[in-house]
Each structure stands twice: as C-alpha cells, then as structure tokens.
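What follows is a short report on a single structure.
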Amino acid sequence: MRNFLVLFLVAESFGLPHTLVEKIEDDLSNIKTSLNKVRLLSIREEFRALKSKIAADLTLTPIEEIDLEEREKELPIITKEHIHKNGDSIDEVNNKKKIGELLYQGDIVLTNKQAYEKVEEEENGKRVKRQAFRDKNYPRTLWSNGVYFSFHKNASQQVQSVFRKAVNQWEKDTCINFFENPGAPHRIEVMVEDGCWSYVGNVENVQPLSLGDGCESVGIASHELGHALGMFHTQSRHDRDNYITLDVKNIEPDWIDQFEKETEATNENYGIPYDYGSIMHYGAASSSANGKPTMVPVDINYINTLGSPFISFYELLMLNKHYNCLDKCESDPLKADCKMGGFPNPRNCSECVCPSGYGGRLCDERPSGCGKVLEATASYKILKDVVGDRKSIDEREDFTKCYYWIKAPEGKKVQVVLAKFSKGFALDGCPYCGVEIKTQKDQRATGYRFCALEDAGTKLVSESNVVPVITYNRLYATKTILRYRMV
C-alpha cells in the first residue's frame, strides 16, 4: 500500500529518523543493484497538505460532474484483457512490482536536486518550467554532445534489442545522435531492475534506466528513453483539463498525487497541441481503484488511444524544437516543402517527417507497403483487413502495419463504420494491435484507435475527403472490417 506521504527517490540519504529508514529499506528490499543506495525523502506535513491540495484541485464543479457523467454513459462497456503475466503497461508492471508507489508519477526517478526544487516550489510558490521539457537547469539537461548508452551485464538480449529499436525511433527523425559506448563516463546504463523507470533529462554521470520483467517492448523502452531525453508525462500538461477529465472517484486514494497538474508557469509545450496518442501519455484506467477510467477524454472516441505504443508526430516535433533541430534546415536551399503539417527531417532536409498515415518525400502520398487507396461512393463499401501472423502465438518486437486511404471526391466527406475487430485484445492504448482511423480535423494528431470487439458500431465522419486508416499488429493476427461511404 502506498505511504500517505508523497515519496521522492533521491540520490543519497538525508538523515531520516532510524525507524523511517528501516521502513524505507523494507519497502525497497526487492530493488536490486542500482537503487540499493537510494533513500526516500519524506516530505512530512508539507506533503500531507500538498496531497489534500491536489485532491481539492481535482474536485469538479457541479456542471463538470454532469458533463463527465454524460460522457461516461456513452463509453462502451469493454471487457479488458490481460495478456502479459507481468502487466500490459508501465502502470501495471510497476504496481505489480510495488515500485510504482515509490516513483514520481509512477515511473520517474527524481534526483536530489529535482526533489528539493519540488519541495521549494510547493513551500514558497516558486515554480519553474518543467513538464514538457524545460526546467531552470535547461539547457544543461540536454544531451548536447549526443546520447551515450550501455547495457548492464544483467540486460538480456531482448532488452538490448528493444532499447536499440527505441533509440532508432527517436534518432531517425531528430538531430539527436546516439552512441553505444560502455566506456563513456557520461551515459545511460540500461539494466533489468524491478519495473520500468528512468531519470528525466541528462542528470547523472552514469544514469540507470530500468527495463525489468514486463518492460521488454519497443513502446515501453521508447517511453522511458523519452524521459531520459527530457520528457515528462502528457497528462500532466497545464492544459490537460481541456482534453481529459479526471474521475477522482475511480482513482486509488493513495495514488491521487500522481495526477498533479502543472501550471502555465511550469509547463513548456512549445505551442504544440495536446495529443491523445502520445507515447508519454498513460492509459485511461491508470491508477484505477476499480478498473474504470481515471481519465476520460473530452472526445470519448479517444478512450482507447490513451497509453499509445507509438511515438506520435507531435512528440517528434516537440523534441526537435527542444533540441533546436529545426534550425538545421532553415537555410538549406533544398529544404522540403512538406505537406499535411510535416517538417523537414534534420538528417536530410530534402525529405519530410510526416504525420501518421502520410508518406512520401513530401507527406503527400500513402505510405509504402501493405494497403491501398479506396474510392468511397454514395453506397457503403467494405474494407476487410487481416494483419499479423496467425502461426505465431508469441509477442513480436516489431509491428506489422498496413496503410489505407479512403478517398471521396473533393467537397465530400467520408463516413466510416467499425463493423468488427477481433476478440481478445482490448487493452488501454491498444499496445498489441489495433486500427487507427484519422477522421479528425488536425491530421498531424493521432487518429482514433480501436482494439475491442465492443467497439463495433462506432461511426465516424471525416473533416475532409481523405481518411487514412492504419492497421497494426505484433501478437498473433487480427481482423478489421470497416464499412465506408461518401457523405
């Protein structure tokens, strides 16, 4: 059970009372090598008051409560699956290991300095920009000379493989260079500890990053590496109440502090919109006391998108801004004229980084590979898609994807009906398989994702005459059936 006080991991002992030290050491008895010397700073009465303050801040007005109740009535009743024995999300894995309760926001290790800054903020009201990236230590927290990393001797081949793939996911569309070098004095050391966790930003000479049992996926590795590059959680953004509503009655009471929201004074998002499909966003039922959603999106069709296994386009854009990567193409005469809100890739300014569902050099084509362009007419047509490997019953590291474009004539829109999705894969964030349907106005944002049998019957109408549809899978095989027509 979580301690009533908010606890922060720090890099050394702070002279806590002997009995409290013994209690902390008991709590940490299952944590292995890298955190054996870590102690917990207990912010006594101040954080008792903080916890009460957070709970008070999360209280909804009567109008907000009515709005939330109406949205929750419209949510489909979905039977959630449990596929991985160690948990299917960072939240589940860390809580099973009893480590999530000791970490900031469930998977973040705070340094001594960060912990004291947090205390100072709450005690004195002095707040520094933090959640998206910048704190008062910026730009020292950047990996300005590249990111060096190595693997602890306990890191399995699978852990090494998924982390290298996560490195590639962040590296290929940014200017950040990564180097595997176990002799580098300043580096990330990837290891197998209890749970999935990381420091935020460039903070230690050799800073550990854990991918314990249940964390061995490219998505989770990308999330934790996102922290190491400087990212906090999306659901902590100062503007989150415009996009999600917290249902406090569903939150585990001892975990209420995990939902602290930043303010405009502490939160730098570089003017980039909130994305429900951010890989740094937790799932809708995170920290739930009863299995019901703790976070309900304003647009309820996004309920299964929260907790994504993919780095979103907006996150790539944000990280490029954070590391000043976009400056590399400003004066390049060959800079690409990107369509659909894409931006020139700082590794090759003549090519674009594109929103999901768009490809080609300028983001004006359907991505290559599986899938095709479909013409919508006044009568319903059927799209049947099977993606994955029916012969394989084991999780695969890499997703198989198919890309479709459903097109109507200029001036028309497209209606898409999800007629069927395979049974047995319903999970927050659709981490193993799903279908993404991009009918929303902002095509740079992640589309609506579905992975539950109960989602059948969902109807969507596009804002334009083109609807990208992405099917994806990394476990067994899944079947998607859509009906579509122009309207």
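The values are calculated or read from the model by the stated rules, or taken from the named source; none is laboratory data. All values derive from a computational prediction rather than experimental measurement. All Cβ positions, even for glycine, are placed from backbone atoms using ideal geometry, and neighbour counts span all protein chains on display.
A few notes on this one:
- Within the option set LEU75, LEU68, LEU103, being farther than 21 Å from ASN269 by Cβ, in contact with a strand residue (DSSP E or B) (Cβ under 9 Å, 6 or more places away or on another chain) and modelled with pLDDT under 95 holds for one residue only, LEU103.
- Any pair with Cβ under 6 angstrom, 6 or more apart, that starts in the stretch 239-251 at a residue that is more than 11 Å from GLU64 (Cα to Cα) and ends at one that is among the β-branched types (Val, Ile, Thr) and outside any helix (DSSP H, G or I): TYR243/VAL298; ASN250/THR294; ILE251/THR294
- If only residues of the stretch 122-148 that are over 25 Å from TYR314 (Cα atoms) and surrounded by 17 or more Cβ atoms within 10 Å (Cβ to Cβ) are counted, the one that is modelled with the lowest pLDDT is ARG127.
- Condition broken by ASP428, with the remaining ones in (1) acidic (Asp, Glu); (2) surrounded by fewer than 24 Cβ atoms within 10 Å (Cβ to Cβ); (3) within 23 Å of the chain's Cα centre (by Cα) satisfied: (2)
- Of the residues contained in the stretch 18-38, one or more are found to be surrounded by 12 or more Cβ atoms within 10 Å (Cβ to Cβ), under 25 Å from the mean Cα position of the chain (by Cα), in a loop (DSSP other than H, G, I, E, B) and modelled with pLDDT under 50.
- Strands (runs of 3 or more DSSP E) wholly inside the stretch 423-487 that include at least 2 residues being farther than 15 Å from ILE303 by Cα and at pLDDT 95 or above: 466-475, 477-486
- Just so you know, in the stretch 201-231 the residues that are closer than 17 Å to ASN177 by Cα and of a type in the set (S, T, N, Q) include one that is surrounded by the fewest Cβ atoms within 10 Å (Cβ to Cβ), and it is ASN202.
- Residues of the stretch 162-221 that are part of a loop (DSSP other than H, G, I, E, B) and of a type in the set (A, V, I, L, M): ILE176, ALA184, VAL192, VAL200, VAL203.
- Only one of SER356, SER350 that is among the polar types (S, T, N, Q), under 23 Å from the mean Cα position of the chain (by Cα) and either in the same structural domain as CYS338 (by the TED database) or in a strand (DSSP E or B) (or both): SER356
- Looking only at the stretch 240-269, residues that are at pLDDT 95 or above and in a loop (DSSP other than H, G, I, E, B) come to 2 in all.
- For the stretch 309-347, a tally of residues being at positive phi and assigned to a helix (DSSP H, G or I) returns 0.
- Restricting attention to the stretch 232-244, the residues that are crowded, with 23+ Cβ neighbours inside 10 Å and over 14 Å from the mean Cα position of the chain (by Cα) add up to 1.
- The stretch 368-377: number of residues that are assigned to a loop (DSSP other than H, G, I, E, B), of a type outside the set (D, E, K, R) and surrounded by fewer than 20 Cβ atoms within 10 Å (Cβ to Cβ): 4
- Residue match in the stretch 154-164 (condition: among the charged types (D, E, K, R) and under 23 Å from GLU216 (Cα atoms)): yes
- Verdict on ASP299 being charged (D, E, K, R) and within 17 Å of GLY447 (Cα to Cα): yes
- Residue match in the stretch 282-299 (condition: β-branched (Val, Ile, Thr), surrounded by fewer than 19 Cβ atoms within 10 Å (Cβ to Cβ) and either in contact with a Phe, Trp or Tyr (Cβ under 7 Å, 6 or more places away or on another chain) or not in a loop (DSSP other than H, G, I, E, B) (or both)): yes
- For the stretch 182-200, a residue qualifies if it is hydrophobic (A, V, I, L, M, F, W, C) and either more than 16 Å from the chain's Cα centre (by Cα) or surrounded by fewer than 22 Cβ atoms within 10 Å (Cβ to Cβ) (or both), and the qualifying residues are ALA184, ILE188, VAL190, MET191, VAL192.
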